[in-house]
Amino acid sequence: MSVLDSKIPKGAINDKWTYYKDHVNLVNPANKRSIDIIVVGTGLAGSSAAASLAEMGYSVKAFCFQDSARRAHSIAAQGGINAAKNYKNDGDSTYRLFYDTIKGGDYRAREANVHRLAEVSANIIDQCVAQGVPFARDYGGMLDNRSFGGTLVQRTFYAAGQTGQQLLLGAYSAISKEVAKGSVKMYARHEMLDMVIVGGKARGIIARNLVTGEIERHSAHAVLLCTGGYGNVFFLSTNAMGSNVTAAWKAYKRGAYFGNPCYTQIHPTCIPVSGDHQSKLTLMSESLRNDGRIWVPAKKEDVEAIRQKKKKPTDLAEGDRDYYLERRYPSFGNLVPRDVASRAAKERCDAGYGVNATGEAVYLDFAAAIERYGKIECTKKNITNADHATIIKLGREVVKEKYGNLFDMYMQITGENPYETPMMIYPAVHYTMGGLWVDYNLMTTVPGCYALGEANFSDHGANRLGASALMQGLADGYFVIPYTIGEFLANDIRTGKIPTNTPEFDEAERQVKERIEKFLSSKGTKPVDYFHKKLGKVMWNKCGMARNAQGLKEAIEEIKAIREDFWANVRVTGTANEFNQELEKAGRVADFIELGELMCRDALAREESCGGHFREEYQTEDGEALRDDNKFAHVAAWEFKGVENEPSRHKEELVYENIKLVQRSYK
Amino acid sequence: MKLTLKIWRQNGPNDKGKLVDYPVDHVSPDMSFLEMLDVLNEHLVEKGDQPIAFDHDCREGICGMCSLVINGRAHGPQGAVTTCQLHMRSFKDGDTIYIEPFRANSFPVIKDLAVDRSAFDRIIQAGGYISVNTGAAQDANNLPVNKNDADKAFSAATCIGCGACVATCKNASAMLFVSAKVSQLALLPQGKIEAQDRVLNMVNQMDLEGFGNCTNTGACEVECPKGISLDNIARMNREYLVASVKKEK
């Protein structure tokens, strides 16, 4: 029997969540007032959870490292949010969203959680519209949809290319409403540096006030980690500069198991790297694949000519182009899931067809869409015999309305005009499906410690579908945790306030201060970023889009060496009692280094390919991921055993009662 | 490229602060402005000097955390971009660049180029929301919204809360920021019920925070990285006037 109890409710898949809600323990309104909850992180999951729990009557303390709750990186999500509303009458349903998510995740997600996600998805749209989120609408005033990768229906709701921003500002307005009432106390520019366990339960955190440097103790009856993903372990990613694993890592070191750390999503459409100074990579939304066609030249001599700037991409005739996604995957074409699209780009570039100087870029071309839209506009406007220039002009206007902000962003970064020449794109680290292991209640293996949103491992299996991250973050915060937290807190109605003057808090605070002292007293000469970049290179080369046993073994040793080098030779300037951004970075990078090693161990232990985890030894004849359902249809959950020791790998077997495991095909 | 940077250094809110010269070399035109500062900071750390503190996070122009007044202009010389999206190809070899924080009494300096913009949070807390609790919503399509209004509400809602409008305004007025939120919610049917209280409370909080008044110079609109329109200020003034008259009864 596994040590992991997923606590999946009984009953048929359609009835589980309803049964659960009907039978879960509740806390009465008067008792809620005397129960404190800490929420770390104020992205979609954190803000929505903090607001919803405060509305119910709990006393909430919310923390974020940014200067305001509104800045969390959920804000950067571009394309949209999925929901099984079936407003398009195109055959969508809760079951289809459930099925697409399980299949998209390459059959490595827990059925019961994913079905619940699909069930509450429609409520999210209702809630956001009620808050004033200005989704795109049609001329009848109804909500509009578009389609994303890995699906055959249009279920994605959007607000131009700024859906994440609008949803986060909705959740931020909800949390602001509760701050005004005093039911949420907001701690911006605060970073959680440890979790405090009292009597085997998560009962508080140690946080650093990033402005004054003061180390603070905060107690609560439960701690919710809504701290996002850990893509920055690669240094270069589409994450914000401050996105980090520290809060989740501290929980891991205090006993929360880490689920599937090796599942990383490499997003196919990002702006390629331009040089060593690069600090982050910028995503071009997946929604662009609705209208953009991805290609490389079919002939090597054209590749050479383009790299030497003797030819422009627009010079190439249709027959000289290889639309490799349309060629390999005729039924999904350019809208295959992200992992498939990324690997296909890598395959072409590895074969020598990359179109920029580094050989790591492919084209995303809008010429066909511009012409198609232009012709439709001409028809609408009754322009007969329109010349080519008119068609293109009108077509560009349509494309501008749909993707204008993305095109502007591209132009800003590259200096090229994507209305005239195809975009150059390449895959980049974007999202991490792995995260703290949680049960059906979203509770980690530490009682009272919960993980929501990207910080947990739960719903996306080995690959997340586009527009599902926003859905999951808000589902967890608005509609799941308000129910599931009662199960735990119902036992705490007589506990009373958790004191912070206890040995457990003393000890945690001592350790935090000791570590800060260690950074500041290090006599090294190299800045923190030096080590971060070094770690990132190892991770990208050996634990990135393709992995193999030998590379992973090497990576584990290389990362150990980086860790030793870091502690011996890092230089952190300034003092502990001031605004000190180098000190903040040092703490985060120290944790990333440890995490990197765990990711490699997980990737090494998973001897199969699935979703974002592609082991070169395990592939089909035509280069597709080859799963091993007999040996690996399970979640790997890692238990910390000390920095110098190997962690233990536990298994949660995944039972598929409703969906048959098959080889995923998008052909 | 070789550049001379004149950067504002201020060790905490009570320090007087001064401009300090930093010559930089090997600046690539493909670097972003903040990457140029990253490289400078790495050199400073290697020398054992204090790196320059500045706020930033998403580096794709949407979180609103980056700031900086560059050569006298909030978010630098280019229109419609944030500092993090500004690239060095906007400058040329030999340039001298002045880099200062967003300055306003309501935005006290924390350190060097980082300022405290929590006044904006308090203005939103005063009423920048629709009072709907989780679970109390009707079906999203039960409330059609005229596309024109929805588009205008969206345009107002794209404000990133960076504070460039305040830093640019000679009166340090926050009218563009406040009016963007007031407009977004006033244009939508679901925001109408609380519209009057909202505008009165938000404007009241704005005044309490010490932001200056609007004298219609329009500088905020010019420097806003998201192109938030002055029309919003007009709409807020109208909302405010109507609300003041009605509330007095």
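Let me spell it out: the conditions are (1) touching a strand residue (DSSP E or B) at 6+ places or on another chain (Cβ under 6 Å); (2) more than 25 Å from A:T445 (Cβ to Cβ); (3) in a loop (DSSP other than H, G, I, E, B), and A:A54 meets all of them except one. Which number is the exception? Of everything listed in (1) touching a strand residue (DSSP E or B) at 6+ places or on another chain (Cβ under 6 Å); (2) more than 25 Å from A:T445 (Cβ to Cβ); (3) in a loop (DSSP other than H, G, I, E, B), A:A54 misses just condition (3). Scanning region A:125-169 for residues that are assigned to a helix (DSSP H, G or I) and within 9 Å of chain B (Cβ to nearest Cβ) yields A:I125, A:D126, A:Q127, A:C128, A:V129, A:A130, A:Q131, A:G164, A:Q165, A:Q166, A:L169.
Restricting A:I481, A:I493 to those that are touching a residue at least 60 places away in the same chain (Cβ under 8 Å) and within 12 Å of chain B (Cβ to nearest Cβ) reduces the list to A:I481. Just so you know, in region A:366-419 the residues that are among the small types (G, A, S) and assigned to a helix (DSSP H, G or I) include one that is surrounded by the fewest Cβ atoms within 10 Å (Cβ to Cβ), and it is A:A389. Within region B:144-159, the set of residues being more than 7 Å from chain A (Cβ to nearest Cβ) and more than 21 Å from B:G64 (Cα to Cα) comprises B:N148, B:D149, B:D151. The set of residues in region A:46-105 being of a type in the set (K, R) and over 21 Å from A:L143 (Cβ atoms) consists of A:K61, A:R70, A:R71, A:K103. Among the residues of region B:200-226, those identified as of a type in the set (A, V, I, L, M) and either over 13 Å from B:S179 (Cβ atoms) or outside the structural domain of B:K181 (by TED's automatic domain parsing) (or both) are B:L200, B:L208, B:A219, B:V222.
The set of residues in region A:286-322 being out of contact with any helix residue (DSSP H, G or I) (no Cβ under 8 Å at 6 or more places or on another chain) and surrounded by 14 or more Cβ atoms within 10 Å (Cβ to Cβ) consists of A:V303, A:A305, A:R307, A:R321. Mind listing whichever residues of region B:1-59 are without any contact (Cβ under 8 Å) to a residue 12 or more places away in the chain and of a type in the set (A, V, I, L, M, F, W, C)? Matches in region B:1-59: B:L44, B:V45.
Filter region A:601-619 down to residues that are more than 19 Å from the chain's Cα centre (by Cα) and either closer than 26 Å to A:Y530 by Cα or surrounded by 24 or more Cβ atoms within 10 Å (Cβ to Cβ) (or both), then give me how many there are. Full working, then the answer.
So the first thing to find is which residues in region A:601-619 are more than 19 Å from the chain's Cα centre (by Cα), and the list is A:601, A:604-609, A:615-619.
Applying the additional criterion that residues be either closer than 26 Å to A:Y530 by Cα or surrounded by 24 or more Cβ atoms within 10 Å (Cβ to Cβ) (or both) yields A:601, A:606, A:609.
Summing the residues that are more than 19 Å from the chain's Cα centre (by Cα) and either closer than 26 Å to A:Y530 by Cα or surrounded by 24 or more Cβ atoms within 10 Å (Cβ to Cβ) (or both) in region A:601-619 gives 3.
Taken over region B:65-80, the criterion of being in contact with a Gly (Cβ under 9 Å, 6 or more places away or on another chain), more than 19 Å from B:D112 (Cβ to Cβ) and modelled with pLDDT of 95 or more is satisfied by no residue. Any residue that is closer than 30 Å to A:F592 by Cα and of a type in the set (A, V, I, L, M, F, W, C) - is there at least one of those in region A:311-326? No, that holds for no residue. On the stretch given as region A:621-650, residues that are charged (D, E, K, R) and under 22 Å from A:I556 (Cα atoms) total 5. With respect to (1) over 25 Å from A:C128 (Cβ atoms); (2) free of Cβ contacts under 8 Å to residues at least 40 places away in the same chain; (3) surrounded by fewer than 18 Cβ atoms within 10 Å (Cβ to Cβ); (4) not acidic (D, E), the lone exception for B:K192 is condition (1).
Candidates A:A451, A:A428: the one that is touching a strand residue (DSSP E or B) at 6+ places or on another chain (Cβ under 9 Å) and under 23 Å from A:I38 (Cα atoms) is A:A451.
Of all residues in region A:81-119 being at positive phi and in contact (Cβ under 8 Å) with a residue 60 or more places away in the chain, which is surrounded by the fewest Cβ atoms within 10 Å (Cβ to Cβ)? In this case the residue turns out to be A:G91. On the given criteria, is A:E454 of a type outside the set (K, R) and more than 30 Å from A:Y19 (Cβ to Cβ)? When the stated conditions are applied, A:E454 does not pass them. With respect to A:N501, determine if the residue is free of Cβ contacts under 8 Å to residues at least 40 places away in the same chain, more than 20 Å from the chain's Cα centre (by Cα) and within 30 Å of A:P272 (Cβ to Cβ). When the stated conditions are applied, A:N501 does not pass them. Residues of region A:640-667 that are farther than 30 Å from A:A341 by Cβ and in contact with a Gly (Cβ under 8 Å, 6 or more places away or on another chain): A:F640 alone.
For region A:333-360, the set of residues classified as under 23 Å from the mean Cα position of the chain (by Cα) and either exposed (fewer than 15 other Cβ atoms within 10 Å of the Cβ) or within 20 Å of A:D291 (Cα to Cα) (or both) consists of A:N334, A:L335, A:V336, A:P337, A:R338, A:D339, A:V340, A:A341, A:S342, A:A344, A:A345, listed by residue number.
If I filter region A:590-598 for residues that are surrounded by fewer than 23 Cβ atoms within 10 Å (Cβ to Cβ), assigned to a loop (DSSP other than H, G, I, E, B) and not assigned by TED's automatic domain parsing to the domain that holds A:A344, do I get at least one hit? No, the conditions are met nowhere in region A:590-598. The residues in region A:1-23 that are in a helix (DSSP H, G or I) and surrounded by fewer than 17 Cβ atoms within 10 Å (Cβ to Cβ) can be counted, and the count is 5.
Summed over region B:1-53, residues that are within 11 Å of chain A (Cβ to nearest Cβ), among the small types (G, A, S) and at positive phi total 2. Among the residues examined, B:S131 does not qualify as under 24 Å from the mean Cα position of the chain (by Cα) and among the hydroxyl-bearing types (S, T, Y). Scanning region A:36-65 for residues that are surrounded by fewer than 24 Cβ atoms within 10 Å (Cβ to Cβ) and not polar (S, T, N, Q) yields A:D36, A:E55, A:M56, A:G57, A:K61. Each residue in region A:120-179 was checked for being within 25 Å of B:R198 (Cα to Cα), surrounded by fewer than 24 Cβ atoms within 10 Å (Cβ to Cβ) and acidic (D, E), and 1 of them qualify.
The values are calculated or read from the model by the stated rules, or taken from the named source; none is laboratory data. Remember, it's a predicted structure, so these values are computed and weren't measured experimentally. A quick note on method: Cβ atoms are made from the backbone with ideal geometry, for glycine too, and the neighbour counts reach across all protein chains shown.
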